[in-house]
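Here, each number is a calculation from the coordinates, and none is a lab measurement. Here the structure is a predicted model, which is why all the values come from computation and not from measurement. Here the Cβ is made from the backbone with ideal geometry for all residues, glycine too, and neighbour counts use every protein chain on show.
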Amino acid sequence: MSDFNIHYVAKLARIELSPAEEEKLGTQLGHILGYIAKLKEVDVTGVEATAHAFPLVNVTRPDVAREPLSHEAALSNAPSRSGGLFVVPKIVE
Amino acid sequence: MSQLHRLTLAELTGRLGRRECSATEALQSSLDQIARVDGEVRAFMSLDAADARAQAEAADRDLAAGVTHVQKPLLGVPVALKDVLAHRGQPLNCSSKILGTYRSPYDATVVERLKAAGAVVFGRLNMDEFAMGSSTETSAFQRTLNPWDLTRIPGGSSGGCAASVASAMVPVSIGSDTGGSIRQPAALCGVVGVKPTYGRVSRYGLTAFASSLDQIGPFARTVRDAALVTGVVSGYDRRDSTSVPQPVPDYLSALEVAGGGSRPLAGIRLGLAKEYMIGGLDAEVDAAMKASVARFIELGAEVVEVSLPHSDYAAATYYIIAPAEASANLARFDGVRYGARVEGRDPAEMNSKTRGAGFGAEVKRRIILGTYVLSSGYYDAYYLRAQKVRTLIRRDFLQAFEKVDAILTPTTPSAAFRVGEKSEDPLQMYLSDVFTISCNLAGICGISVPCGFTAPKLGVPRLPLGLQLLGKPFGEETMFRIAHAYEQSTPWHREVSPMS
């Protein structure tokens, strides 16, 4: 897989890697991609894709209000919170 | 020291029902056993003994008030959980550093069901980080060892579940299986492990790895115990839109069918997949399989050859679909709403630093692989193609099930390997799942039962081996019946590990 750019894909996945990790993971993923390339041998002409083994359609439930997770419980594991909100670094100047 | 921890679930509920022991005594025996052996086995990451004692006391009050095991089938039974299931007020780490000091604000549906059935639910069992692995070595916290040989891995990803039952710390544990994560460690630790049909058990409160493959199931020391617990946790749940609204049969009465006569499996047809029989199989695994087939024939079953022509593509299909789904599911670990955070100048940098520091190597490998196969320009070549091959794999099984009631395979290509033996070679580790992953791709049910041991060799004790039975979609009753008849005709389930 010569076009597999570990640096670019890790960026898409939002995972910071050290140069040593990039090299090691890149080599290992190269082997794995080489292995999974064997799927190219299979004739899949006219075959439908399976997303789920037992697809259920139009799954609905009665429109009845229930007690939700409390505000406090939802925020209880936040790494940073203030005024009942999650705090993140500034997005716009 | 009390020996209550060594009882099977059925034996324990018998004693509790006759008031020969209390739930509090049963729990204490489990806690004593954990204190005695878990310093070496290291199955538990943590446990809340006070909370467990309160549940055991409540069970004792129920028993004193005349509540029976017909009403609450697990009344007073200690049950431990893989660290991937939400248990209100308890830690949940998925054996990853990224969850920090997370505590679950709610109970998973399976935990609710276990508690409603009277179980004493406690403990956080070690696993491969986010259930990605086959040896429990990718845990960020500790290394769990195989109770039959402490130089070997217990299997994975539910290694803590298998090791806890195999060393008699608990009669039952609950794990999850995405590509073999219940059946493979069950086989390597010499216990019973069940992966129910996709949609049979609600996944609400299970940290998602690969949503179209994940299923929750039990570990136990006998098929009967595993069947009972499967029944307790199964059933439709409106909080999981993939749970299937189909009634749950009484799995225990299905076992009774196998009760009488010397040929309890007369009329049953079992399939051996010819694609699984060619080369590469460990000689002792092969011998155990042949002995199992002979046993099934003695029990009255007919054994025929079936074909699963796309078997050779299952691992490649799995290692596209599972990482793809994982890359999407694990996007939620971004340092914003829960878990550990590494600060950055902007949200994107905070996300990247948090994930870079919080995820271990295997999780990073799979997220990056999954991101790649879903990325623009590669989606059709990898992900869509894998989903089409998945259709062919599923079709192979449904066609085979027109001829047979269940398919027999070894659960694993070899017995438990040594700590560190495969941890530096991810591809070799992936290929150790070759017999278990098709079951998840096809969405069918599977069970691993003990089927013998390797011969002891110089410096290596005997190691357990597992037999896998794959059943039709929602065919758990027949699968349990066949597995139970086999088990009852063999001595293997009565063997206990040196740590018991």
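Miscellaneous remarks
- Selection count where residues are over 20 Å from B:Ala59 (Cβ atoms) and either of a type in the set (Asp, Glu) or out of contact with any Ser or Thr (no Cβ under 9 Å at 6 or more places or on another chain) (or both), scope the range B:103-135: 4
- With a requirement of 2 or more residues that are more than 10 Å from every other protein chain (Cβ to nearest Cβ), the helices (runs of 4 or more DSSP H) lying completely within the range B:291-383 that satisfy it span B:314-329.
- The listed residue being within 27 Å of the chain's Cα centre (by Cα), surrounded by fewer than 21 Cβ atoms within 10 Å (Cβ to Cβ), more than 21 Å from A:Ile91 (Cα to Cα) and of a type in the set (A, V, I, L, M, F, W, C), out of B:Ala328, B:Ala357, B:Ala314, B:Ala324: B:Ala328
- Subset of the range B:214-236 [within 14 Å of another protein chain (Cβ to nearest Cβ) and surrounded by fewer than 24 Cβ atoms within 10 Å (Cβ to Cβ)]: B:Tyr236
- Taken across the range A:17-38, residues that are more than 16 Å from B:Tyr382 (Cβ to Cβ), assigned to a loop (DSSP other than H, G, I, E, B) and facing another protein chain (nearest Cβ under 7 Å) do occur, with at least one present.
- Cβ-Cβ contacts under 9 Å between residues 6 or more apart (or on different chains), taken from a first residue in the range A:67-80 that is at the interface with chain B (Cβ under 8 Å from one of its Cβ atoms) to a second residue that is β-branched (Val, Ile, Thr) and not in a helix (DSSP H, G or I), are listed as A:Asn77/B:Thr101; A:Ala78/A:Val87; A:Ala78/B:Val336; A:Pro79/A:Val87; A:Pro79/B:Val336; A:Ser80/A:Val87; A:Ser80/A:Val88; A:Ser80/B:Val336.
- Residue count for the range B:407-444, restricted to those that are outside any helix (DSSP H, G or I), farther than 21 Å from B:Pro456 by Cβ and among the hydroxyl-bearing types (Ser, Thr, Tyr): 4
- Checked against (1) surrounded by fewer than 24 Cβ atoms within 10 Å (Cβ to Cβ); (2) in a loop (DSSP other than H, G, I, E, B), B:Arg395 meets all criteria but (2).
- Residues of the range B:268-295 that turn out to be hydrophobic (A, V, I, L, M, F, W, C) and more than 20 Å from B:Phe435 (Cα to Cα), as a count: 2
- Count - residues of the range A:39-66 that are facing another protein chain (nearest Cβ under 7 Å) and not in a helix (DSSP H, G or I): 13
- Among the residues of the range B:412-450, those that are farther than 24 Å from B:Asp149 by Cβ and not β-branched (Val, Ile, Thr) comprise B:Leu427, B:Ser438, B:Cys439, B:Asn440, B:Leu441, B:Ala442, B:Gly443, B:Cys445, B:Gly446.
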